1. If each residue of separation counts as 0.36 nm, what is the full-extension length gain between residue 362 and residue 270 once their alpha-carbon separation is subtracted?
2. Can you give me the Rg/Rh ratio for the range 196-335, using Cα atoms for both radii and the Kirkwood formula for Rh?
3. For the range 13-115, what does the accessible surface come to per residue with a 1.4 Å probe? Please give it in Å².
4. Given a 1.4 angstrom probe, what's the average accessible area per residue across the range 240-281, in square angstrom?
5. Given Cβ point charges of +1 (Lys, Arg) and -1 (Asp, Glu) and nothing else, what value in debye, to the nearest 20, does the dipole of the range 295-339 about its Cα centre take?
6. Find the relative contact order for the range 1-71 and round it to a whole percent, using C-alpha pairs within less than 8 Å whose residues are 6+ positions apart.
7. I'd like the GluC sites (Glu not before Pro) in the range 260-310 restricted to DSSP loop residues with at most 11 other Cβ atoms within 10 Å, sorted by number.
8. Keeping the other protein chains in place, figure out the carbon and sulfur percent of the accessible area of the range 1-113, with a 1.4 Å probe.
Amino acid sequence: MDELVKLLGDKLQKKVGETESVETKSLLGEGRYLGLYFSAHWCPPCRGFTPKLTEFYKDLKATDKGKNFDVIFVSSDKDQASFDEYYAEMPWLALPYPDRDRKGKLSKKFKVQGIPTFVILDACTGKLITKDGRLRVSEDPVGVSFPWHPTPLSEILQGKLLRRNGDTTEEVDISSLAGRPVGLYFSAHWCPPCRKFTPVLAQAYQKIKDDNKDFEIIFASSDRAPESFNDYFKTMPWLALPYEDPRKKTLSQMYGIAGIPTLIIVENLQTGKIITKEGRDAVIADPEGKEFPWNPKPLNLLDQQYARTLNEETSVILFTDGSDKGLEDAKQALQPIADESYAKAVEKCEDPDMYFFYAGEDDLVDSLRDFANLDEREPQLVVLDIQEQKIYVCPEEEITQEVARAFIDKYQAGSLQPTPLRG
């Protein structure tokens, strides 16, 4: 619960123009839930959803379920006056508008890509229940299934799957996948990157099977006609959901699929634990599946496959001269810190707060140095936040584990001054 107080601040705003506030800790406890409502007055979809959420909130608060539920408005308005005008329409609490830094951290933590977004949290553990609160309110306006705990993957996928057997298609029961790692492959024949990636994935799949490793893939099609689906599926050695199967839409919403091809690897259908959402990059980097099932590593050598991570996440990067000794020294400096950060994230069932890399010689590394306007000093330790357009550079010329830990601690405490990115 202390982490939730740290995340949301000690006090929350109660009403527009009132000095009275609510202690955040009073909202927390076992059996309680919090909704974070990311919204703004300038956003038409937000103004359309807010009355629906207001009606849902008032109706739910009148029931036993709603007694342990609170909503907090997290504003993306452009100024205090707009915030005040919009918040006056709302019956719940708000993050004080001047706390822009905390608003940014909340948006980053929950990977808010657009508004309105309605996030539901367990107010005891702080664990995310769903980022799809907006959809849940629309589908369940009286809160029958509130707080909308995720349906287990094994339950979502209950039913028959398809497999090609020569020129025919046979049905396969989902129970045959019990205990296996499973890849969920979102793809379509009309998509050129998909058609390019599918043969690469097929080769990796066959190599993994040849090595006697348990693995299966389920194709979730975005094809626009049954003929396209059938022609595409003929090229695949794995399973598929039937064409236009409603389970595909559920999976797309569940994993927030924004583009294809996307390959998600889960531990098995029973736990549904995500091993990686970047299965496509993993396969391209390891086409023979030597590191299958591609469990994430706390510390990685920076190369092109991590370009998306750099763009979307806060990253700690130790630049080296590219020599074997330089790379080894970098690993020794960062590995224990990265391990601790990753272990904390696993314990909380969350994504890490930051991702750790050491950098040698690579085109991406050269581009990054130029983009961040870094000098040629080596070794050089930085915290990079492309979303916030900020970089923090460690002034020390010798980067030991102690130096790295102290620098990262200062960053997390908010005591470092950033340099704006020139990009």
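The values are calculated or read from the model by the stated rules, or taken from the named source; none is laboratory data. Source: prediction; values computed, not measured. Cβ: placed from backbone, ideal geometry, glycine included. Neighbour counts: every protein chain shown. For accessibility, only protein heavy atoms count, side chains too; no ligands or nucleic acids. Shrake-Rupley method; radii C 1.70, N 1.55, O 1.52, S 1.80 Å.
1. 29.2 nm
2. Across the range 196-335, the Cα-based Rg/Rh ratio is 1.03.
3. Here the residues of the range 13-115 average 48 Å² of exposed surface.
4. 46
5. 80
6. Here the relative contact order equals 27 percent.
7. Here the GluC sites (Glu not before Pro) that fit, given the DSSP loop and packing criteria, are 291.
8. Here carbon and sulfur together make up 50 percent of the probe-accessible area.
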